[in-house]
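The values are calculated or read from the model by the stated rules, or taken from the named source; none is laboratory data. What you see is a predicted model, and the numbers here were worked out from it, not measured in a lab. Positions of Cβ are backbone-derived with ideal geometry, glycine not excepted, and every protein chain shown enters the neighbour counts. SASA here: full protein model, heavy atoms, side chains in, ligands and nucleic acids out. Shrake-Rupley method; radii C 1.70, N 1.55, O 1.52, S 1.80 Å.
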Amino acid sequence: MYRGLERSEDRRLTSACDVYDRAVSLAGMSKVYGMPGVRIGWLAFGSHRVLGDVFERVCSLKDYTTICAPGPSEILALAGLRSR
C-alpha cells in the first residue's frame, strides 16, 4: 500500500511480484495518491499460476462484502491516476 511514497523513483521499493513469482501485491488510491476516503484498490499477481489459485477466492470474498465502488470514488480515482 505504501509503494510509490518514496521521495525519488530511484529509491522506490521493488514490487513483490517482480521478485517472487508467487507473490501478490496490493495497491490503492488512498495513501499513495493522497486520496483518503477513496477506497479503491487492486491486486497484482506475479504469475498466471497464482492468479488462478487466488483470483477465485478473492472474487468470492469480494462478492460477499461489496457490490461495486461508489460512482464518485471511481471518478476521483480516475482523476488521481490521470494526474500522475
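Entry remark, the stretch 34-53: residues being in contact with a strand residue (DSSP E or B) (Cβ under 7 Å, 6 or more places away or on another chain) and either under 27 Å from Gly71 (Cα atoms) or free of Cβ contacts under 8 Å to residues at least 24 places away in the same chain (or both) number 7 in total. Closer than 19 Å to Gly71 by Cα and of a type in the set (Gly, Ala, Ser): is that true of Gly4 in this structure? When the stated conditions are applied, Gly4 does not pass them.
Would it be correct to say that Arg22 is free of Cβ contacts under 8 Å to residues at least 40 places away in the same chain and part of a helix (DSSP H, G or I)? No: the conditions fail for Arg22. When the stretch 1-17 is limited to residues that are loosely packed, with under 12 Cβ neighbours inside 10 Å and part of a helix (DSSP H, G or I), the one that is modelled with the lowest pLDDT turns out to be Glu9.
Of all positions in the stretch 60-75, at least one carries a residue that is modelled with pLDDT under 85, open to solvent by less than 80 Å² (accessible area, probe 1.4 Å), farther than 17 Å from Leu5 by Cα and assigned to a helix (DSSP H, G or I).
Which members of the stretch 25-59 meet the condition of being in a loop (DSSP other than H, G, I, E, B) and among the hydrophobic types (A, V, I, L, M, F, W, C)? If the condition is that a residue be in a loop (DSSP other than H, G, I, E, B) and among the hydrophobic types (A, V, I, L, M, F, W, C), then Met29, Val32, Met35, Val38, Ile40 are the ones that fit.
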